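Each remark here refers to the structure printed beneath this line.
The values are calculated or read from the model by the stated rules, or taken from the named source; none is laboratory data. Because the structure is predicted, anything quoted here is derived from the model rather than measured. Reconstructed Cβ throughout: ideal geometry from the backbone, glycine too, with neighbour counts over all protein chains shown. Accessible surface areas use protein heavy atoms only, side chains included; no ligands, DNA or RNA. Shrake-Rupley method; radii C 1.70, N 1.55, O 1.52, S 1.80 Å.
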Amino acid sequence: MTFALETTELSIEFGMHKAVNQVSLQVKKHELKSIIGPNGAGKTTFFNLISGQLKATEGKVFLNGDDITKLSPTVRTRRGIGRSFQLTNVFPNLTVLENVRLASQSKAGIRFQMLRHFASYKSVQENAMELLELVLLKGKEGELAKNLAHGEKRKLELAMLLALGTDVLLLDEPTAGMSLEEVPAILEVIHSIKARGDKTILLIEHKMDMILDLSDSIAVLYNGTLLADGNPREIMDNETVQQAYLGGLYNEFTA
């Protein structure tokens, strides 16, 4: 079976500390797998190894069966890996529509042409508007990105990743810094992306109710090692996971 994403014995050392230690993980095509674990478990470092921000000390990363371990972050992006970070990453002085349209143009290989107006690229414009509707930003297309609320910037970032033609989405705590009122909207957007059935999503999140609602499977990292990997019920029923991480949360979410 060819997985959308696979790591084999992936490790990285910082001095004498192994932040990620021999992690072998498989992510099926078009599934949503969550990565959970306490602070310092190695979750973001693991994402950095997959996206290429960090080079592995040992082990390999495969995308659709191809070894991408030695490829740069830029090439991995072109191959279909899209990464969001805990801090939003948008062009603040461009409008919402311009942010998404530029990503769509990049995917289409359209470069700046002084004698041709952007509006002449009808398909690019239509794609950008469709994605803004998907992420619940319809009606905001003319606003400067810097004027958006934090939760809206998160949604814009997702639209930009989708406009790049991303096949595998790495979402690092998409609700980080959001108010309680903003969380349901980002949850709805991720649900909508998942429902389209054409994206593979790897999610880091601390909100257990959100994880249990969204996930097809859950992997647990603890001290840099893969402690468990299974469907949500298997993970919640796993005594080792309960002792190492979930603790009292287990009773709260299985009551």
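Can you spot a residue in the range 6-19 that is within 22 Å of E205 (Cα to Cα), in a loop (DSSP other than H, G, I, E, B) and of a type in the set (S, T, N, Q)? No; the residues of the range 6-19 include none that is within 22 Å of E205 (Cα to Cα), in a loop (DSSP other than H, G, I, E, B) and of a type in the set (S, T, N, Q).
Answer with yes or no whether V124 is touching a helix residue (DSSP H, G or I) at 6+ places or on another chain (Cβ under 8 Å), modelled with pLDDT under 95, farther than 30 Å from I12 by Cβ and buried (at least 18 other Cβ atoms within 10 Å of the Cβ).
yes
Yes/no per residue for (1) touching a helix residue (DSSP H, G or I) at 6+ places or on another chain (Cβ under 7 Å); (2) among the hydroxyl-bearing types (S, T, Y); (3) open to solvent by 60 Å² or more (accessible area, probe 1.4 Å):
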| site | (1), (2), (3) |
| --- | --- |
| E173 | no, no, no |
| A176 | no, no, no |
| A195 | no, no, yes |
| K199 | yes, no, no |
| L202 | no, no, no |
| M208 | yes, no, no |
| A219 | no, no, no |
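Selection of helices (runs of 4 or more DSSP H) fully inside the range 26-111 by the criterion of at least 3 residues being under 13 Å from the mean Cα position of the chain (by Cα) and surrounded by 15 or more Cβ atoms within 10 Å (Cβ to Cβ) returns 43-51. Applying the criterion of being within 16 Å of the chain's Cα centre (by Cα) and of a type in the set (G, A, S) to the residues of the range 178-204, the residue that is farthest from N64 (Cα to Cα) is S192. Give the residues of the range 203-252 that are at pLDDT 95 or above, closer than 28 Å to F14 by Cβ and of a type in the set (S, T, Y), sorted by residue number. Of everything in the range 203-252, just one residue is at pLDDT 95 or above, closer than 28 Å to F14 by Cβ and of a type in the set (S, T, Y), namely T225.
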